[in-house]
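After the structure tokens below, expect a handful of questions from me.
The values are calculated or read from the model by the stated rules, or taken from the named source; none is laboratory data. Quantities reported herein were computed from a predicted structural model and do not represent experimental measurements. Methodologically, a virtual Cβ is constructed for each residue, glycine included, from the backbone with ideal geometry; neighbour enumeration extends over all protein chains shown. Side chains included, ligands, DNA and RNA excluded: accessible areas come from the protein's heavy atoms. Shrake-Rupley method; radii C 1.70, N 1.55, O 1.52, S 1.80 Å.
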Amino acid sequence: MQDRLHILEDLNMLYIRQMALSLEDTELQRKLDHEIRMREGACKLLAACSQREQALEATKSLLVCNSRILSYMGELQRRKEAQVLGKTGRRHSDTGPPTERSPCRGRICISDLRIPLMWKDTEYFKNKGDLHRWAVFLLLQLGEQIQDTEMILVDRTLTDISFQNNVLFTEVGPDFELRLELYGACMEEEGALAGAPKRLATKLSSSLGRSSGKRVRASLDSAGSSGSSPILLPTPAVGGPRYHLLAHTTLTLAAVQDGFRTHDLTLASHEENPAWLPLYGSVCCRLAAQPLCMTQPTASGTLRVQQAGELQNGAQVHGVLKGTNLFCYRRPEDTDTGEEPLFTIVINKDTRVRAGELDQAPGRPFTLSISNQYGDDEVTHTLQTESREALQSWMEALWQLFFDMSQWKQCCDEIMKIETPAPRKPPQALAKQGSLYHEMVLSEPVAPGGAGEGLLLQDNAISAEIQALLSSYYSDR
């Protein structure tokens, strides 16, 4: 991934925009323009970040933007090839078989993401060894859709990495492949003095005079700006933090279940890697799916329904085919008012459907029968339509439903619950971090218009700009 990101740095963004314009795809062009603007802003802010957590957030945003741009570029290339083939007359339908039936689309949602950690006994129980921290997040990709989780700080006090996000993907087919990638960056320790108690900082502050304190602060600022190592705080690496791919896995339709499951992770880092984490090698999550055939009506109309053994012509109802049920209402308006249906006919993979003759004599009713087995008993309902066209429409909807059930499999047994993800919020403003001296409070105020006031205003402006970028970044998620 890092090599791909370095290649991306040299790409001509104008060429990408022109390709999107030539395809006249305004939605893809809007997405691409947004990610390019976010990428440019993240690059500028990364160079201006003075706090470690802000730099990690900016680097994470840059990595996600680059991944999305690469994904959109691949989609642009595929559409461009299809456009060229269409203009030259080389269509797939000209040489291949006729178009086959396609399954309905749907939504999938992954939630309750947890990645267990495997610490050594001396680290977790006995609290021995150096205390290191890592910043980690998950990148989730399904086709051209790319989502990310919040960044979490991890150390040996945690037994697992828990992500609170519910990640939703729309317009998904049953052949989807959801790739999960765990990225991590090791946070360097700031030295023993940076973690000293605040009472030590207070004593040291009172032992230094105001003029001496100013001279020390000036020396620290000048050392940091000149590029040399400051006295107490090491200079951050040029280019900001670097995330490493720690582990990954791919989830398919077989992993969908209305419950909590454990899946294997493929580890991509080793113990010598600076961002290495003691991963257990598994990820726990809930992966739910909702095919559109289960949540939206696929057919409706007037029917006359007769059950086997009834001598009458049957009741005239308004039928609605939704999910694995044919709901029969008294009136069409009952579907909107929430009225209970008169009765329901179950449609599942074991249901047998048979249509009457479509070319029968005029005046004969157009019928189809639906049979279900309940133990040793078979229950058959005969449905009469108003015309041959209506019969064809109902039969097509039923065959499409059977095909969708064969493709989505366990997702059509019952409707799985999917909660709409809450809007992402930008990270809260973090307290300023630095050396022990920067944590002290100098009692002498800064003179208006002085150099100290300029530094303070500049730092506040950078922090405000970072928060504005992050707010814009998460508002579109």
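Does the stretch 49-104 hold any residues that are over 15 Å from Glu144 (Cα atoms), surrounded by 13 or more Cβ atoms within 10 Å (Cβ to Cβ), of a type outside the set (A, V, I, L, M, F, W, C) and at pLDDT 90 or above, and which are they?
Glu57, Thr59, Lys60, Ser61, Pro103
So, one more: Would you tally the residues in the stretch 241-254 being in contact (Cβ under 8 Å) with a residue 12 or more places away in the chain and open to solvent by 10 Å² or more (accessible area, probe 1.4 Å)?
Count: 9.
Next question. Does the stretch 129-157 hold any residues that are over 14 Å from Met187 (Cβ atoms) and not in a strand (DSSP E or B), and which are they?
Result: Gly129, Gly143, Glu144, Thr149, Glu150, Thr157.
Condition first: under 15 Å from Thr420 (Cα atoms) and open to solvent by less than 10 Å² (accessible area, probe 1.4 Å). Now tell me which residues in the stretch 280-294 satisfy that.
Within the stretch 280-294, Leu287, Ala288, Ala289 qualify.
Consider Ala308 carefully, then state whether it is surrounded by fewer than 15 Cβ atoms within 10 Å (Cβ to Cβ) and at pLDDT below 95.
Against the criterion (surrounded by fewer than 15 Cβ atoms within 10 Å (Cβ to Cβ) and at pLDDT below 95), Ala308 qualifies.
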